[in-house]
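**Q** Structure provided below as structure tokens; questions to follow.
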Amino acid sequence: LEAIAAVVRDRYGAEPAAHFAAWLLERTDGNPLFLHQYLTTLEQQGVLRRAGDGWQLDDAALATAETPETLFELLRPRVADLDEEERALLESGAVQGRRFLSTVLVKLLDREEDEILDRLDRLEQRRRMISLESAEDWWSDRSNLYTFDPGVLQELLYGRYRRSAYERRRRHRAVAEALEALIAGD
């Protein structure tokens with residue numbers, strides 16, 4: 001309960017309603033990934049909305065809000081809401097895994113790097129489906145590294161390629177070629 005109350009305070013400044021953290025604990029069983037995604041869903045449904053400098057809970061909207069049974073069920077509408085270009089970008093990232101390099105996406109999608117970075121930034125800021133990692137490693141001078149947040153998003157977006165072994169191998173081969181090109185001078 002204390003951890004959920006801390007998440008709520010961090011996200012909203014204060015609890016939008018009395019006993020809100022306790023209610024969230026009951027709904028999410030304290031699962032951090034489910035909690036964050038559930039709060040995002042409540043915001044999108046208008047159950048939680050900005051009110052002046054804070055947030056308020058709309059009791060009428062809450063009465064009709066449904067609690068998804070699984071994290072997959074919770075995330076499917078967010079993935080379905082992506083436009084075609086956003087979906088193509090994230091599906092290409094999903095082929096790389098939970099973490100993906102922007103430079104590989106540039107190669108896979110045959111686009112300008114600035115365009116890809118701008119689109120990834122918008123997805124991070126507006127959709128909250130990916131996060132830019134700040135770790136320093138061999139790729140740091142060549143690419144940004146992103147991670148799906150939560151990781152189960154990668155599974156949902158990769159699902160399209162599970163249906164066809166040919167398509168899956170073709171996509172993985174393209175990622176491998178882009179990675180080879182990335183380290184060609186090493």
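**Q** Which of (1) farther than 27 Å from Arg119 by Cβ; (2) more than 15 Å from the chain's Cα centre (by Cα); (3) surrounded by fewer than 19 Cβ atoms within 10 Å (Cβ to Cβ) is the odd one out, the single condition Pro32 does not satisfy?
**A** (2)
**Q** Can I ask one more? I need the full set of residues from region 71-93 which are under 22 Å from Lys107 (Cα atoms) and of a type in the set (Gly, Ala, Ser), in order please.
**A** Ala88, Ser92, Gly93
**Q** Out of the residues in region 75-84 that are among the charged types (D, E, K, R) and outside any helix (DSSP H, G or I), which is most open to solvent (accessible area, probe 1.4 Å)?
**A** First, the residues of region 75-84 that are among the charged types (D, E, K, R): 76, 78, 81, 83-84.
Going one step further and asking which of them are outside any helix (DSSP H, G or I), we end up with 81, 83.
On the way: Asp81: 101, Asp83: 77 Å².
Restricting to residues being among the charged types (D, E, K, R) and outside any helix (DSSP H, G or I), the top hit is Asp81.
**Q** I've got another one for you. Considering region 38-60 alone, what residues qualify as being open to solvent by 20 Å² or more (accessible area, probe 1.4 Å), of a type in the set (A, V, I, L, M) and closer than 15 Å to Arg27 by Cβ?
**A** Within region 38-60, just Leu57 meets the criteria.
**Q** Looking only at residues that are open to solvent by less than 50 Å² (accessible area, probe 1.4 Å) and touching an Asp or Glu at 6+ places or on another chain (Cβ under 8 Å) in region 1-16, which one is farthest from Leu57 (Cα to Cα)?
**A** Filtering first and then ranking leaves Ala5.
**Q** Right, next: Restricting to region 111-149, count the residues that are touching an Asp or Glu at 6+ places or on another chain (Cβ under 8 Å) and without any contact (Cβ under 8 Å) to a residue 40 or more places away in the chain.
**A** So the answer is 4.
**Q** Does region 164-186 hold any residues that are farther than 16 Å from Ser143 by Cα, modelled with pLDDT of 90 or more and open to solvent by 50 Å² or more (accessible area, probe 1.4 Å), and which are they?
**A** Once the filter is applied, which keeps residues that are farther than 16 Å from Ser143 by Cα, modelled with pLDDT of 90 or more and open to solvent by 50 Å² or more (accessible area, probe 1.4 Å), region 164-186 yields Tyr166, Arg169, Arg170, Arg171, His172, Arg173.
**Q** So, restricting to strands (runs of 3 or more DSSP E) that lie completely within region 85-186, which ones have at least 3 residues that are more than 21 Å from Thr40 (Cα to Cα) and under 19 Å from the mean Cα position of the chain (by Cα)? Walk me through how you get there before you give the answer.
**A** Details: elements: 99-101, 130-133, 145-148.
It comes to 99-101.
The values are calculated or read from the model by the stated rules, or taken from the named source; none is laboratory data. Source: prediction; values computed, not measured. Every residue, glycine as well, gets a Cβ built from its backbone with ideal geometry; the counts of neighbours run over all protein chains shown. Just the protein is used for accessible areas: all its heavy atoms, side chains included, with ligands, DNA and RNA removed. Shrake-Rupley method; radii C 1.70, N 1.55, O 1.52, S 1.80 Å.
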